[in-house]
Amino acid sequence: QVQLVESGGGLVQAGGSLRLSCLAFGRSFSSYAMGWFRKAPGKEREFVAVISWSGGSTDYADSVKGRFTISRDNAKNTVYLQMNSLKPEDTAVYHCAAGPRYGSSWSTDYDYWGQGTQVTVSS
């Protein structure tokens with residue numbers, strides 16, 4: 001069992017930056033691929049980014065490429081999402097998730113989920 005706790009959300013103006021963190025508790029964090037997803041009101045949950053267990057491979061949704069960076073520190077059991085050049089359309093609740101295989105953008109491929117952290121970008 002893995003428990004995930006996100007932090008770092010908040011209110012920011014368009015063009016600003018935030019860094020989200022996801023702290024993992026429980027079984028071996030370093031054996032999981034980690035993903036970030038987001039859910040905006042009235043919209044489907046959306047894949048944002050994923051990182052392999054080693055941190056050597058990453059992938060991003062087209063909507064965030066060049067603006068967001070996912071990283072992890074296995075010694076700290078933490079995965080990060082650095083978000084730059086934020087836009088109002090990035091407003092959502094951001095969730096981290098842990099899964100057994102790298103590369104999936106499907107939420108059903110992830111076994112464990114955090115409660116989420118709210119990101120609001122004002123225009």
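The values are calculated or read from the model by the stated rules, or taken from the named source; none is laboratory data. Please read all numbers here as calculations on a predicted model, not as lab measurements. Because the Cβ atoms are built from the backbone with ideal geometry, glycine has one as well, and the counts that use them run over all protein chains shown. We work out accessible area using only protein heavy atoms, side chains counted, and drop any ligands, DNA or RNA first. Shrake-Rupley method; radii C 1.70, N 1.55, O 1.52, S 1.80 Å.
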| task | With a ≥ b ≥ c taken as the square roots of the eigenvalues of the C-alpha gyration tensor of the stretch 27-95, please select rounded if a/c is under 1.5 and otherwise prolate if a/b is larger than b/c or oblate if it is not? | result | prolate
| field | Cα shape, the chain, gyration tensor, a/c 1.5 rule | value | prolate
| Tell me, what is the FRET efficiency for SER123 and THR58 to the nearest 0.05, using R0 = 35 angstrom and their Cβ-Cβ distance as r? | 0.75
| said: So, for the chain, what is the accessible surface per residue at a probe of 1.4 Å, expressed in square angstrom? | reply: 51
| note | In a Gaussian network model of the chain with springs linking alpha carbons closer than 10 Å, the residue among GLY35, GLY26, GLY99 that fluctuates most is GLY26
| message | Between the stretch 1-49 and the stretch 54-95, how far is it from one alpha carbon centroid to the other, in angstrom? | response | 8
| Among all lysine pairs in the chain that are eight or more places apart or on different chains, how many have alpha carbons less than 24 angstrom apart? | 5
| task | Choose one answer from ASP62, ASP109, ASP90: the residue with the largest mean-square fluctuation in a GNM of the chain with alpha-carbon springs under 10 Å. | result | ASP62
| For the stretch 1-94, which whole percent of the accessible surface, found with a 1.4 angstrom probe, sits on carbon and sulfur atoms? | 47
| query | In square angstrom, rounded to the nearest 10, how much accessible surface does LYS76 have for a 1.4 Å probe? | reply | 120
